[in-house]
Amino acid sequence: MISNSTFQARRAKLMAQCRPSSLVIVPAASQVTRSNDTEYPFRQDSDFWYLSGFNEPDAVLVMSNQLEGNKIQHSAVLMFVQPKDAHAEVWHGRRLGTASAPKELGLDEAYSLDSIEELLPELLNGHEHLYFSLDRNPAADALVQAALAECKAAPKQSMMAPNTIIDVGPILHQMRRIKSDAEIALMREAGIISADAHKRAMRFVKPGAFEYQLEAEIHHEFAMRGARYPAYGTIVGSGNNACILHYTENSEQIKDGDLILIDAGCELQGYAADITRTFPANGKFSAPQKALYQLVLDAQLAALEQLKPGNTIADGMKACVSVITHGLVDLGILSGEPEDLIESEAWRTYFMHGLGHYLGLDVHDVGIYKHQGNDLPLEAGVVITVEPGLYISEQSKAPKQYRGIGIRIEDDIVIHATGHEVLTASVPKSICDIEELMGSANTL
Ligand code: GLY
Ligand code: MN
Ligand code: MN
């Protein structure tokens with residue numbers, strides 16, 4: 001659990017990096033319509049969550065690093081929240097309200113969202129700079145632009161509008177890129193829960209089951225372990241479906257002899273896990289499946305060896321691509337000199353995505369990968385995925401025995417000062433460990 005004092009410290013750290021005389025505005029997410037008058041489950045905006053831990057829609061966090069000179073006596077950190085409303089709360093759920101928000105969230109003040117149009121121009125007044133991410137939230141964009149216009153239109157003696165608008169994203173996202181010990185502890189827990197969910201699916205599967213039934217097993221484990229939602233759309237692809245990178249239909253019946261690719265991770269207090277495992281529906285890899293699987297695993301292990309402070313994700317990718325290319329030549333799937341095939345990126349026919357990505361409050365987490373054209377070195381506290389794959393669809397020109405096989409092996413790692421820790425190590429990935437676990441079917 002991230003404490004209120006942590007949220008306060010994050011806000012203070014952000015404000016300290018903004019220019020003096022700045023107002024920072026970070027809006028919450030809104031509900032999203034699913035159909036007619038029903039909505040998708042609410043998911044808070046990750047930036048807003050990172051700074052507040054508050055899970056209501058439409059709120060707006062406003063922070064100033066200038067305490068004097070404004071017309072209204074506002075404090076350093078305030079929030080506009082949905083007002084208490086007995087009728088609305090009976091229909092739509094509880095609201096924290098303006099009276100409780102300051103104490104509960106560690107704010108200086110809270111105002112009703114009903115007053116935001118009136119108060120925002122006054123809050124902008126007197127600040128030289130506005131930090132706000134445009135083009136992320138259309139409703140917030142409209143609100144801020146209207147407030148700026150009002151502030152600018154006022155007689156110059158009475159109001160001074162900020163003269164620069166700066167994206168708050170880069171500062172905030174650099175903070176989010178490096179995880180604290182408390183965040184890593186949550187992500188470790190998310191990794192364990194997600195690993196157990198994959199094990200549950202491996203034990204449950206049998207030819208004849210539907211892909212969505214494995215999805216249900218996975219989600220059941222998440223919820224029973226305190227992580228109600230998956231961090232992204234669960235992928236359960238059997239046979240050739242495993243060659244569709246973001247397959248989420250999950251509607252087919254699993255056949256004997258299929259390999260099944262499951263890419264699933266839970267979200268725990270906002271933090272994502274992201275695991276992929278690939279295993280045989282009947283519990284035993286065939287010879288071609290074994291050969292390809294071992295190749296992906298060897299490539300992942302080669303990449304993992306590179307992932308430590310000072311090295312880059314590109315270093316891991318280079319090691320991974322070398323193993324993949326040599327292996328594809330050995331299996332007769334690519335022909336030519338491995339070094340030439342690496343150079344011409346011939347491997348991309350069968351491995352068409354990157355090695356991995358940052359992981360955190362977003363599954364494809366924020367944070368820059370390059371600075372001035374150079375890959376950013378890994379450093380302690382960075383969490384990334386490591387996820388090589390091979391996807392040889394039924395339409396491919398590879399030797400027949402390899403067609404219709406998609407394999408990805410994905411783990412999450414946190415970089416420590418001396419190397420890395422695999423957060424998702426408890427789900428098996430060697431051929432013999434997977435076959436052994438699957439041999440223990442029906443022992444849930
Ligand atoms: N689950 C999405 C990804 O692996 O990037
Ligand atoms: Mn991933
Ligand atoms: Mn994934």
Checked pairs for the range 383-408, first acidic (Asp, Glu), second open to solvent by 10 Å² or more (accessible area, probe 1.4 Å) and more than 16 Å from ligand 1 (Cβ to nearest atom), C-beta under 6 Å and 6 or more apart or across chains, list as 394/240; 394/403; 394/404
Based on this model, can you work out whether residue 398 counts as at pLDDT 95 or above, touching a strand residue (DSSP E or B) at 6+ places or on another chain (Cβ under 9 Å), open to solvent by 10 Å² or more (accessible area, probe 1.4 Å) and more than 15 Å from ligand 3 (Cβ to nearest atom)?
no
Which residues, counting only those in the range 268-284, are of a type outside the set (Gly, Ala, Ser), under 19 Å from residue 405 (Cα atoms) and buried (at least 21 other Cβ atoms within 10 Å of the Cβ)?
275, 276, 277, 278, 279, 280
Considering only residues that are under 21 Å from the mean Cα position of the chain (by Cα) and part of a helix (DSSP H, G or I), which ones fall in the range 15-58?
46, 47, 48, 49, 50, 51, 52
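Filter the range 309-321 down to the residues that are open to solvent by 40 Å² or more (accessible area, probe 1.4 Å) and over 21 Å from the mean Cα position of the chain (by Cα) and list them by number.
Answer for the range 309-321, where residues must be open to solvent by 40 Å² or more (accessible area, probe 1.4 Å) and over 21 Å from the mean Cα position of the chain (by Cα): 309, 310, 315, 318.
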Could you list, in sequence order, all residues of the range 249-289 that are under 17 Å from residue 364 (Cα atoms), assigned to a loop (DSSP other than H, G, I, E, B) and either among the aromatic types (Phe, Trp, Tyr) or within 16 Å of ligand 2 (Cβ to nearest atom) (or both)?
265, 273, 274
Against the condition open to solvent by 30 Å² or more (accessible area, probe 1.4 Å) and within 22 Å of the chain's Cα centre (by Cα), how does residue 188 come out, does it pass?
yes
Please indicate, with yes or no, whether at least one residue in the range 29-37 is modelled with pLDDT under 95 and of a type in the set (Ser, Thr, Tyr).
no
So which pairs qualify, if the first residue must be in the range 1-22 and aliphatic (A, V, I, L, M), the second must be open to solvent by 70 Å² or more (accessible area, probe 1.4 Å), the Cβ gap must be under 8 Å, and the two must be at least 6 apart or on different chains?
1/269; 2/269
Go through the range 69-180 and tell me which strands (runs of 3 or more DSSP E), entirely inside it, have 2 or more residues that are over 25 Å from residue 361 (Cβ atoms).
109-112
Restricting attention to the range 93-109, report how many residues are open to solvent by less than 20 Å² (accessible area, probe 1.4 Å) and free of Cβ contacts under 8 Å to residues at least 60 places away in the same chain.
3
If we ask which residues in the range 1-22 are hydrophobic (A, V, I, L, M, F, W, C) and surrounded by fewer than 16 Cβ atoms within 10 Å (Cβ to Cβ), their number turns out to be 4
Identify, please: which residue in the range 222-236 is of a type in the set (A, V, I, L, M, F, W, C) and within 16 Å of ligand 2 (Cβ to nearest atom) and is, among those, farthest from residue 271 (Cα to Cα)?
236
Please enumerate the residues belonging to the range 339-360 that are buried (at least 19 other Cβ atoms within 10 Å of the Cβ) and either modelled with pLDDT under 95 or more than 16 Å from ligand 3 (Cβ to nearest atom) (or both).
341, 347, 350
Test: residue 223 is out of contact with any strand residue (DSSP E or B) (no Cβ under 6 Å at 6 or more places or on another chain), within 16 Å of ligand 1 (Cβ to nearest atom) and either without any contact (Cβ under 8 Å) to a residue 40 or more places away in the chain or outside any loop (DSSP other than H, G, I, E, B) (or both):
no
Residues in the range 237-267 that are within 16 Å of ligand 3 (Cβ to nearest atom) and surrounded by 19 or more Cβ atoms within 10 Å (Cβ to Cβ) total 14
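The values are calculated or read from the model by the stated rules, or taken from the named source; none is laboratory data. Treat the numbers as computed from the prediction; the structure is a model and nothing was measured. Glycine gets a Cβ as well: all are built from the backbone with ideal geometry, and neighbour counts include every protein chain shown. The protein model used for the area step is the full one, side chains on, heavy atoms only, and it has no ligands, DNA or RNA in it. Shrake-Rupley method; radii C 1.70, N 1.55, O 1.52, S 1.80 Å.
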